[in-house]
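The values are calculated or read from the model by the stated rules, or taken from the named source; none is laboratory data. Computed from a predicted model, the values in this text were never measured in an experiment. Positions of Cβ are generated from backbone atoms using ideal geometry, with glycine treated the same way; all protein chains shown enter the neighbour counts. Heads up: the accessible areas ignore ligands, DNA and RNA and are worked out on the full protein's heavy atoms, side chains in. Shrake-Rupley method; radii C 1.70, N 1.55, O 1.52, S 1.80 Å.
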Amino acid sequence: MSLSDIVADRAEKVVARCKRLASVTETPGNTCRTFLSDAMRECYREVGDWMDAAGAEVSIDAAGNLRGVYPAAQTAAPRLLLGSHLDTVPDAGAYDGVLGVVLAVSLLEALQPRKLPFAIELIGFSEEEGIRFGTPFIGSRALVGKLDDELLNRTDKNGITVRTAIERFGLKPAEISKAAMNNDNVAYVEFHIEQGPVLESLGIPLGVVEGIAGQMRGEFSFLGRANHAGTTPMNLRHDAMSAAAEWIVEVERVAKREQGLVATVGRIAATPNAANVVAGQVRLSLDIRHKSDHVRTRAAEFLAVQAEEIAHRRGLTVERKVLLNQPAVFMDPFLMDQIEQAAQQTGCTTHRMVSGAGHDAMILADKIPTGMIFLRTPGGISHHPSESVSVKDVAKAIECGSLLLTQLAASGEFQKRMCRA
Ligand code: GLV
Ligand code: MN
Ligand code: MN
């Protein structure tokens, strides 16, 4: 078998595994896996078995991250982290997050039994999407020591706290500090689908991520007065639904006015949510992102003022909660160069780009040098069941990853970084 046939086989296997995991779900008929659900347990069993067979020692930390350590050539060696997340949005595709973990398993399979001057730790992060508790990055926050009491006490829609979810999974919240990275962790590298149309429009399979846009997530509640839909004249209403609708359109208008700004109201809940009752309360999510923290923060503040103005004019009040305020981050220049070199070695032209999507990489980048590689996403479609990836692009990514490991193992600069660890 030629080398390219072997890589093509590995790529087929990666795609088949992602599809297999898409059937491990909380909601039969579509894909949904949230933080430490039964589906996550089953997913961990499968991925853990693959990690184990690839020569890694597998464990689950107290924040629910699935971890597998592939040893170095010598003991007491520094550690390179590779990973992505295993949770999904509701009605998800098969590749967001999952591909990065499964591809990393494939890199170990390709490496085995060769050992490098550094250990490789694979991490399947437990929570990146923010679906169950409204706040993303629960898993990666534990690695940087930021899974704090405030977050542990957040509740899901059934009133279960993050802490209780951890306990019910059989883990010990008191041990969360042990999930934090050690000084011997020298770098983090994440493969991920682009989730946008840029690479496809350029005809390029792999992208080098330069930075990740900052994001704010919040919750707004318009509080009016519920009343009879048939008897309450239009001019005497305090209709939370109409106020929310006006504000949603304002969110879109503000985002369209500013180059690169994206703002989304993706979730809405009305009370009492009945056809013949003027809504008394409407709760909405706001997700707002830009590569400049200044632009993002200014837009978020403006939208908060607009919500107040709309509520006041209509005789309502508004409450708001900030659930996440995550600054934009830059990737490590040395790793960007290394990734670019490895991608070019596979025969690809590369493109440097900013990620609009959030990633575990943006949390880890706070503490260790971090790099990200994007794979072209057909149609730019993601967070949707028709999300896809081409097997040929996965093969390029595997080749790029294997070359990257070899390059880092031979790099004088990386050696220096490892000695500092
Ligand atoms: C994660 O997928 C996000 O960017 O919302
Ligand atoms: Mn996602
Ligand atoms: Mn993702």
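For the chain, set up a Gaussian network in which alpha carbons nearer than 10 Å are linked by springs, and say which option among P117, P28, P205 fluctuates the most.
Most flexible of the set in this elastic network: P28.
Could you run the Karplus curve 6.51 cos²θ - 1.76 cosθ + 1.60 with θ = phi - 60° over the range 89-96 and give me ³J(HN,Hα) per residue in whole Hz, x for Gly and Pro?
Values, residue by residue: 6, x, 6, 8, x, 9, 10, 4 Hz.
Applying the Karplus parametrisation 6.51 cos²θ - 1.76 cosθ + 1.60 with θ = phi - 60° to the phi angles of the range 374-383, what ³J(HN,Hα) value in whole Hz is obtained for each residue in order, glycine and proline being reported as x?
With the stated coefficients, the range 374-383 comes to 9, 10, 3, 10, x, x, x, 8, 8, 6 Hz.
Can you give the FRET efficiency for A421 and I6, using 1/(1 + (r/R0)^6), R0 = 35 Å, r = Cβ-Cβ distance, to the nearest 0.05?
Efficiency at R0 = 35 Å is approximately 0.60.
Per DSSP H run of at least 4 residues, take -39500 (n - 2.57); add these up for the chain, divide by its residues and hand me the 222 nm value, nearest 500 deg cm²/dmol.
For the chain, the value works out to -11500 deg cm²/dmol.
Cα axis of helix 293-313 to longest principal axis of the chain: angle in degrees, 0 to 90, nearest 10?
Computed tilt is about 20 degrees.
After finding the eigenvalues of the alpha carbon gyration tensor for the range 320-398, what semi-axes result from the square roots of 5 times each, listed largest first in whole Å?
25, 20, 9
Return the Rg/Rh value of the range 1-61, two decimal places, where both radii are evaluated on C-alpha atoms and Rh is the Kirkwood radius.
In the range 1-61, Rg relative to Rh is 1.07.
What distance in nm lies between label points placed 7 Å from Cα along the C-beta direction at E301 and S411?
Here the modelled spin labels are 3.9 nm apart.
What are the ³J(HN,Hα) values, in whole Hz, obtained from phi via the Karplus relation 6.51 cos²θ - 1.76 cosθ + 1.60 with θ = phi - 60°, for each residue of the range 189-196 in sequence order, with x given for Gly and Pro?
For the range 189-196, the Karplus-derived couplings read 10, 10, 8, 7, 5, 4, 6, x Hz, x marking Gly and Pro.
Mind checking the angle between helix 98-111 and the chain's longest principal axis? C-alpha axes, 0 to 90 degrees, to the nearest 10.
Approximately 10 degrees, to the nearest 10.
What accessible area, in Å² to the nearest ten, does a 1.4 Å probe give for R79?
Estimated to the nearest 10 Å², R79 gives 60 Å².
What number comes out for the charge environment of G196, summing +1 per Lys or Arg and -1 per Asp or Glu over other residues with Cβ under 15 Å away?
-2
Can you bin the range 279-361 into rounded, prolate or oblate? Criterion: square roots of the alpha carbon gyration tensor eigenvalues sorted a ≥ b ≥ c, rounded for a/c under 1.5, prolate for a/b above b/c, oblate for the rest.
Prolate.
How big is the C-alpha Rg of the range 273-421 next to the rule-of-thumb value 2.2 N^0.38 Å, as a ratio?
1.51
List, in the order given, every pair from K13/K392; K146/K178; K13/K367 whose Cα-Cα distance in the structure shown is over 22 Å.
K13/K367
Bins of 5 Å, beginning at zero and ending with the bin holding the largest distance: percent of Cα pairs per bin for the range 27-132, please.
In whole percents, the pair-distance histogram is 2, 14, 24, 24, 16, 10, 6, 3, 1, 0.
For the range 202-250, restrict the atom set to alpha-carbon positions and state the Rg and Dmax in Å.
21.1, 61
What is the magnitude of the charge dipole of the chain about its Cα centre, with +1 placed on the Cβ of each Lys and Arg, -1 on the Cβ of each Asp and Glu, and no other charges, expressed in debye to the nearest 20?
In total the dipole reaches around 520 debye.
Leaving ligands, DNA and RNA out of it, work out the accessible area of F334 with a 1.4 Å probe and give it in Å² to the nearest 10.
30
Quick query: amide H of F191 versus all other amide H atoms, modeled in the peptide plane; which residues come in under 5 Å with a sequence gap of 5 or more or a different chain?
For F191, the qualifying residues are G83, I373.
Relative to 2.2 N^0.38 Å, what does the C-alpha radius of gyration of the chain come to as a ratio? Two decimals please.
So the chain has a normalised radius of gyration of 1.04.
For A73 and N325, what is the calculated FRET efficiency with R₀ set at 51 Å and r taken between the beta-carbons, to the nearest 0.05?
So, using R0 = 51 Å, E works out to roughly 0.75.
Select from G48, G315, G356 the residue whose mean-square fluctuation is largest in a Gaussian network model of the chain (Cα-Cα springs shorter than 10 Å).
The residue with the greatest mean-square fluctuation here is G315.
On the principal axes of its Cα set, how long, how wide and how thick is the range 167-289? Give whole Å, largest value first.
Reported extents, whole Å, longest axis first: 68, 47, 20.
Enumerate the whole-percent occupancy of each 5 Å bin, from 0 to the last occupied one, for all C-alpha pair distances of the range 171-238.
3, 8, 11, 8, 9, 11, 9, 8, 8, 8, 9, 7, 2, 1
Pick out which of M234, M40, M353 has the largest mean-square fluctuation in a Gaussian network model of the chain, springs linking Cα atoms closer than 10 Å.
M234
Compute the helix-to-body angle for 391-410: its Cα long axis versus the longest principal axis of the chain, expressed 0 to 90° and rounded to tens.
With both axes taken from Cα atoms, the answer is about 60 degrees.
Which three lengths, in whole Å and largest first, does the range 233-335 cover when its Cα atoms are put on their principal axes?
64, 22, 20
Which distance in nm do the two modelled labels at D38 and S390 give, with both placed 7 Å along the Cα-to-Cβ direction?
Result for the modelled spin labels: 4.1 nm.
Which distance in nm do the two modelled labels at E308 and A16 give, with both placed 7 Å along the Cα-to-Cβ direction?
6.0
Evaluate E = 1/(1 + (r/R0)^6) for T231 and I160, where r is the Cβ-Cβ distance and R0 equals 45 Å; express this FRET efficiency to the nearest 0.05.
For R0 = 45 Å, the calculated efficiency reads 0.65.
Does the range 359-413 come out rounded, prolate or oblate, given a ≥ b ≥ c as the square roots of the eigenvalues of its C-alpha gyration tensor, rounded meaning a/c under 1.5 and, failing that, prolate meaning a/b above b/c?
Because a/c hits 1.5 or more and a/b fails to exceed b/c, the range 359-413 counts as oblate.
Rank M1, P113, A255 by how far each Cα sits towards the positive end of the charge dipole of the chain (+1 on Lys, Arg Cβ; -1 on Asp, Glu Cβ) and give me just the farthest.
It is A255, whose Cα lies furthest towards the positive end.
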